[in-house]
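The structure under discussion appears below in the form of structure tokens.
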Amino acid sequence: MQMNNLLCEYEEGVAVVTVNRPKALNALNRETLEELLGCFAELATIRELVGVIITGAGDKAFVAGADIAAMQGLDALAGRAFGLLGQRVMRTIETFAKPVIAAVNGFALGGGCELAMACDIRIAAVNARFGQPEVNLGVIPGFGGTQRLPRLIGVGPALELLLTGDMIDADEAYRLGLVNRVVTPEQLLPHCREILANVAKKGPISIKLCKEAVRAGMELDIDSACRQEADLFGLCFASADQKEGMQAFLEKRAAMFGDH
Ligand code: CO8
């Protein structure tokens with residue numbers, strides 16, 4: 001697939017998707033969002049894919065938001081359509097069958113923070129900065145930020161970030177639970193790869209169903225979510241992974257799972 005705004009490298013089970021508009025601090029315009037959809041559709045066809053890492057080109061920004069220049073002239077209908085496109089991208093990532101890690105290497109603002117929040121795991125470099133500065137621009141977050149931020153860090157801290165538009169550093173993002181870990185810029189991609197190398201050793205069916213149980217369950221009431229967990233737990237017993245995983249444990253050897 002020909003892409004003007006993304007780099008997608010695939011090697012040994014790991015895809016690294018880099019938003020590549022460094023002159024605009026990797027801001028998301030319509031074409032970039034459409035390329036993200038296309039890229040994830042292609043990645044979904046790679047059977048051995050263990051997981052995806054999303055990062056930004058250059059050493060300054062992960063993604064500094066939706067593209068303000070591209071949004072400036074939109075009317076209400078076009079603004080809504082742009083928001084819906086961004087939301088579709090975030091949902092595609094959130095419901096992608098394999099784990100997706102955000103390697104946040106600089107500014108993650110507005111749509112960039114929303115992109116990071118749609119990923120399953122967020123690792124930040126020490127120079128990362130997070131924020132939802134939409135109120136500075138006379139708008140509100142439109143790629144799911146008003147929903148994912150309170151779900152991730154709680155309503156009070158989320159509202160403070162959303163209502164002030166203030167930027168926070170990586171340590172504060174860690175303190176709030178917005179990122180899983182803070183590492184040096186040099187460690188960022190190697191650390192994300194290490195996480196996926198660890199995932200690669202696990203049962204591929206369990207990984208897929210575990211993500212599904214959490215992602216779909218978070219939208220349900222506790223009884224329905226637990227019923228769904230029981231269904232997915234049951235499904236594991238129809239897999240070769242469960243037979244191999246439990247047999248290997250009892251035989252005191254490492255499990256040999258199939259392809260991811
Ligand atoms: N969109 C377009 N261009 C951008 C963006 C952006 N979000 N961010 C940076 N750029 C461009 C700058 O215009 C500049 O371009 P040029 O060199 O041509 O002048 C270049 O990137 C470098 O930026 P700066 O010179 O500003 O770099 P600084 O180091 O001085 O500042 C900042 C870095 C603090 C990140 C600053 O660029 C900034 O504040 N950027 C905007 C951040 C922002 O407000 N993001 C939120 C955007 S709104 C959003 O994401 C809403 C999502 C939902 C939309 C729903 C649809 C309706």
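Observations, loosely collected:
- Whole-Å distance, taken between Cα centres, linking the range 83-100 and the range 177-207: 19
- Taking trypsin sites (Lys or Arg not before Pro) in DSSP loop conformation with at most 13 other Cβ atoms inside 10 Å as exposed sites, the chain has its longest uninterrupted site-free stretch at 48-200.
- Cα long-axis angle, helix 30-43 against the chain (0 to 90 degrees, to the nearest 10): 10
- Measuring against 28 Å, Cα to Cα, the residue pairs K23/K98; K211/K243; K208/K243 contain K23/K98 as the ones spanning a longer distance.
- Probing with 1.4 Å while keeping every protein chain in the model, the per residue accessible area of the chain equals 51 Å².
- Highest GNM mean-square fluctuation among A103, A64, A197, for the chain modelled with Cα contacts below 10 Å: A197.
- Spherically averaged projected area of the chain from its Cα convex hull (nm²): 14.9
- Mean separation of Cα contacts under 8 Å (6+ apart) over length of the chain, as relative contact order %: 16
- Sequence-separation-based contact order of the range 120-260, relative, with Cα cut under 8 Å and 6+ spacing, percent: 24
- Ignoring aspartates and glutamates fewer than eight residues from K252 along the same chain, the ones with Cα atoms less than 14 angstrom from its Cα are E244.
- Modelled spin labels at E172 and R30, positioned 7 Å past Cα toward Cβ, are 3.5 nm from each other.
- Based on Cα contacts under 8 Å between residues 6+ apart, the range 204-250 shows a relative contact order of 39 percent.
- According to the Kirkwood relation over distinct C-alpha pairs, the hydrodynamic radius of the range 83-224 is 15.7 Å.
- Note on L37 and A69: the extension gain reaches 9.4 nm, defined as 0.36 nm multiplied by sequence separation minus the Cα-Cα distance.
- Residues within the reach of a label modelled at Q147 (point 7 angstrom out along Cα to beta-carbon, backbone nitrogen below 16 Å), restricted to the range 50-94, are 80-94.
- Computed extension gain for R227 through I46, at 0.36 nm per residue and net of the alpha carbon distance, reaches 62.1 nm.
- Estimated at 0.36 nm per residue, the fully extended path between L84 and E219 surpasses their Cα-Cα distance by 46.7 nm.
- When restricted to Cα atoms, the range 1-121 yields an Rg and a Dmax of 13.6, 45 Å, respectively.
The values are calculated or read from the model by the stated rules, or taken from the named source; none is laboratory data. Quick caveat, the model's predicted, so the values are computed rather than measured. No Cβ is skipped: glycine too gets one built from the backbone with ideal geometry, and neighbour counts run over all protein chains shown. Accessible surface areas use protein heavy atoms only, side chains included; no ligands, DNA or RNA. Shrake-Rupley method; radii C 1.70, N 1.55, O 1.52, S 1.80 Å.
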